[in-house]
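Notes follow once the structure below has been shown.
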Amino acid sequence: MIELHKAGYSYGQDAILRDVSLQLAPGSFHFLTGPSGAGKSTLLKLCYGDLLANTGTVKLLGQDARDLSRDALAKVRQRIGVVHQDCQFLDHLSITQNVALPLAVSGRDVEAEAENLAQLLAWVGLSPRAHALPPELSGGERQRAALARAIIMGPDVILADEPTGNVDWEMSQRLLSLLVELNKMGKTVLIATHDLGLIRAAKAQVSARVLRLAGGSVQLAGADL
Ligand code: ADP
Ligand code: ADP
């Protein structure tokens, strides 16, 4: 679904990613770990075409990211749901409206999707908060709303950047089970996290590969994790 071959990226002079090769096969479950500042968010951005690699190749759903027109990239991104670290909500819109934004942006009839929207909010446990504004939510509620927004378009791939960064253990388990459930429905999942406890917990539920990002490249972590 997503394939990087010797991809490199630098912000100005600083090479953050040097030689990253990875393949996210359909239906696979991956973790991406590495110290803060290692480049996990940057790597995720390459995986959804938000940044273009300076060197090497990135293929998104079979197409070279460099060859995608703006429209083609927009189509690809409907199939890749992203849970951003900082959630990026519009604070004056309700949770329901925020979750529905990708529908509105892509020109779909939001009214016609009301039922789907309600079901999705129920699935992430946010029905009682459907009309709340983002600043009124707890960290765990925000993350679940961000997950709902990431999957509203029915993507094949879900990329989550530190989805459990600001939540307690119980809530991170809950978020993990939602992501595991999505994977069992056939979706490809990549979670960037430095939370090794979360990875251990996941390994009891799903067959997950752990990639470690360090020194600008990615290695498969051993089974000792
Ligand atoms: P991680 O997600 O692993 O913490 P990031 O990908 O966010 O790492 O950042 C990797 C490095 O790149 C950090 O040193 C960060 O400060 C730097 N960086 C990230 N975004 C930018 C940017 N837009 N401009 C310049 N430097 C950046
Ligand atoms: P993380 O490292 O966990 O991804 P950050 O707080 O470093 O989170 O980054 C948040 C945002 O700020 C990202 O969009 C990143 O690209 C940007 N950013 C990070 N470091 C820099 C930097 N040195 N210069 C400019 N933008 C940066």
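The values are calculated or read from the model by the stated rules, or taken from the named source; none is laboratory data. Remember, it's a predicted structure, so these values are computed and weren't measured experimentally. Cβ sites come from the backbone with ideal geometry, for glycine too, and all protein chains shown count toward neighbours. Calculation scope for accessible area: heavy atoms of the full protein, side chains included, ligands and nucleic acids excluded. Shrake-Rupley method; radii C 1.70, N 1.55, O 1.52, S 1.80 Å.
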Just from the alpha-carbon atoms, what are the Rg and Dmax of the stretch 42-113 in angstroms? 14.3, 44
In whole percent, how big is the carbon plus sulfur part of the accessible area of the chain, probe 1.4 Å, protein atoms only? 48 percent
How much area per residue is accessible in the stretch 1-45 when the probe is 1.4 Å and only protein heavy atoms are counted (Å²)? 46 Å²
Nearest 20 debye, what's the magnitude of the dipole of the stretch 141-185 about its Cα centre given +1 on Lys and Arg Cβ and -1 on Asp and Glu Cβ? 140 debye
Cα-Cα over 26 Å: which of K6/K203; K75/K203; K40/K187? K6/K203; K75/K203
Most fluctuating residue given options V58, V180, V110, as computed from a GNM of the chain linking Cα atoms under 10 Å: V110
Cα convex hull of the stretch 107-156: mean projected area in nm², to one decimal? 3.9 nm²
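Compute the accessible area per residue over the stretch 68-225, keeping the other protein chains in place, probe 1.4 Å, unit Å². Mind dumping the intermediate values first?
On the way: 7640 Å² over 158 residues.
Here the residues of the stretch 68-225 average 48 Å² of exposed surface.
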If you plug each phi of the stretch 2-12 into the Karplus form 6.51 cos²θ - 1.76 cosθ + 1.60 with θ = phi - 60°, what whole-Hz ³J(HN,Hα) values come out, in order, with x for Gly and Pro? 10, 9, 10, 10, 6, 7, x, 8, 9, 8, x
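When the expected Rg is taken as 2.2 N^0.38 Å, what fraction or multiple of it is the alpha-carbon Rg of the stretch 35-74?
The stretch 35-74 yields a ratio of 1.22.
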Where labels lie 7 Å past Cα in the beta-carbon direction, separation of A118 and A25 in nm: 4.1 nm
From DSSP H assignment alone, runs of 4+ in the chain each adding -39500 (n - 2.57), the sum over residues rounded to the nearest 500 puts [θ] at 222 nm at -10000 deg cm²/dmol
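So what are the stretch 93-225's ellipsoid semi-axes, whole angstrom, largest first, if each one is the square root of 5 times an eigenvalue of the alpha-carbon gyration tensor?
Working: eigenvalues 166, 52, 36 Å².
Semi-axes from the Cα gyration tensor: 29, 16, 13 Å.
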What translational D, rounded to a whole number of µm²/s, comes out for the chain from Stokes-Einstein when the hydrodynamic radius is the Kirkwood one over Cα pairs, at 10 °C and 1.306 mPa s? 89 µm²/s
Descending principal axes extents, the stretch 1-63, alpha-carbon based, whole Å: 35, 25, 18
Just want the answer: with Cβ charges of +1 for Lys and Arg and -1 for Asp and Glu, which residue in V167, V82, Q143 is farthest toward the dipole's positive end in the chain? V82
What's the long-distance tail for the stretch 159-225, i.e. % of Cα pairs beyond 19 Å? 30 percent
